[in-house]
Amino acid sequence: MSLTATETQPVDLAILAVYDDAQIEGEPDFVVELIDLYLNEVPRLFDTIRKSVANKDRSTARRAAHSLRGSSANLGVLQMATIAGELEHLENDYSNVALELLSSLENEFERVKEILNAERQRRSA
Amino acid sequence: MLTEARTQTRRILIADDDPIIRHMVTRFVQLEGYQPVVVNDGGAAYRLLKTDANFRGAIFDMMMPHLEGIEVMRFMRSEKRLMRIPVMMITSEPDLKLMANSFAAGVTIFLPKPFTTDQFQSTFRLLLNHHQEN
C-alpha cells in the first residue's frame, strides 16, 4: 500500500485535454464543465465515505470509493484514482486504514484543486 | 412493427450515478447524433423501462445504487419488448470472471473506465451494429 506516494503527477492534463474533441462550438467549455462537476462531487464523496466508515457501512463506502476512482481516472487525476482504488478494495482492519486513506485523499485533493482551478482559469481567460 | 419502430428511434438510455461520467457519456452520445435519455441510477432506469421500450440502445454503469446495471439488464432480458435492446456496460473492474458472467447474462459490450472519446465512439458503434445485425 502506498499512502503517501507522490511520484505520480496529481493531474495529467494531457488526459483532460483529450476531451476537447467533445467540444461543441458555441457551447460552454466542455472540459471546464467536467472540472466543475469533479470539484463539486469529490467533497460529497468524501463526506459519504466518512459517514459510511463511521457507521460501518462498507457497501456504501465502497460504492463511493468506486465512483471516486472511476471519475478520477477518467479525468487524469491519477494519484487520487489509485488511493480510491485501495480504499474500494480494502478487506481487513477496515475503519482505521479506511480513515487513513481518506485523509490521504483529502490531502491529495488540495493539490488537485490548485491544478484544476488553474486549468479552469486558463481556459476561461 | 415494434422492431421497426425501435430501429428508427435514436433514443439511447443512459443510467449512471456518477455525474461526471454521466455528463461525458451524454455528450458523446449527442456527438454521435443520438438522443440521450438520462437517469441517475439503476432504480430510475428500471422504472422508466417498465413503461418505455423505445430505445435504440442502453448504457449502464455496472455499479449503481438501488439497482446495479447487471440487474437492470437481467430485467430487460426477461421482457419480450426490451430483450433486443443492446446494452453497453461501463465498468472499472478488470475482472474477467465478472465479464464472462455478464456476457452470459446478456451484456452486449463492455466499456472499461477510464475511456477516451474515441474509445467510447468505437464501442458505441459496435453496440449499434450489433443491434442492426439482430
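Just so you know, all these numbers are worked out from the coordinates, no wet-lab data involved. Quick caveat, the model's predicted, so the values are computed rather than measured. In this analysis, Cβ positions are derived from the backbone assuming ideal geometry, glycine residues included, and neighbour counts consider all displayed protein chains.
Could you tell me which GluC sites (Glu not before Pro) in the stretch A:1-96 are loop residues by DSSP with no more than 13 other beta carbons within 10 angstrom of their beta carbon? The qualifying sites are A:Glu7, A:Glu25, A:Glu91. Relative contact order of chain B: 22 percent, from C-alpha pairs under 8 Å at least 6 residues apart in sequence.
As a rough footprinting exposure proxy, the listed residues A:Ser104, A:Ser52, A:Ser59, B:Ser122 were ranked by other beta carbons within 10 Å of their own, and the order from fewest upward is A:Ser59, B:Ser122, A:Ser52, A:Ser104. Tally Lys and Arg at +1 and Asp and Glu at -1 over the other residues with C-beta under 9 Å from the C-beta of B:Phe60: what net charge comes out? Counting the neighbours of B:Phe60, the net charge comes to -3. When you count the other C-beta atoms within 10 angstrom of each residue and take the mean per peptide, B:19-27, B:109-117, A:9-17 line up highest first as B:19-27, B:109-117, A:9-17. When the alpha-carbon atoms of the protein assembly as shown are used, the pair Rg, Dmax equals 18.8, 60 angstrom. Give the lysines reachable from B:Lys113 as a straight Cα distance under 23 Å; neighbours fewer than 8 places away on the same chain don't count. Once the sequence-local lysines are set aside, what remains near B:Lys113 is A:Lys113, B:Lys97. Between the residues B:Leu111, B:His66, B:Tyr46, the greatest Cα displacement towards the positive end of the dipole of chain B, with unit charges on the Cβ of Lys, Arg, Asp and Glu, is found for B:Tyr46. For chain A, taking Cα atoms only, Rg and Dmax work out to 15.2, 51 Å respectively. For B:Lys50, a cut-off of 20 angstrom between C-alpha atoms picks up these lysines, skipping any fewer than 8 places away in its own chain: B:Lys80.
Suppose every K and R has +1 on its Cβ and every D and E has -1 on its Cβ; what is the size of the dipole of the stretch B:1-89 about the Cα centre, in Debye to the nearest 20? Kindly include the intermediate steps, with their values, before the conclusion.
Values: 13 positive and 11 negative charges, 96 e Å.
Result for the stretch B:1-89 is approximately 460 debye, rounded to the nearest 20.
The alpha-carbon atoms of the stretch B:1-100 define a convex hull whose volume equals 97 cubic angstrom per residue.
For the stretch A:5-125, the residue among A:Leu116, A:Gly76, A:Asn96 whose Cα projects farthest onto the positive side of the dipole built from Cβ charges is A:Asn96.
Calculate the dipole size of the protein assembly as shown relative to its Cα centre from +1 charges on Lys and Arg beta carbons and -1 charges on Asp and Glu beta carbons; express the result in debye to the nearest 20. All intermediate terms of the calculation are to be shown ahead of the outcome.
Details: 29 positive and 37 negative charges, 233 e Å.
Dipole of the protein assembly as shown, to the nearest 20 debye: 1120 debye.
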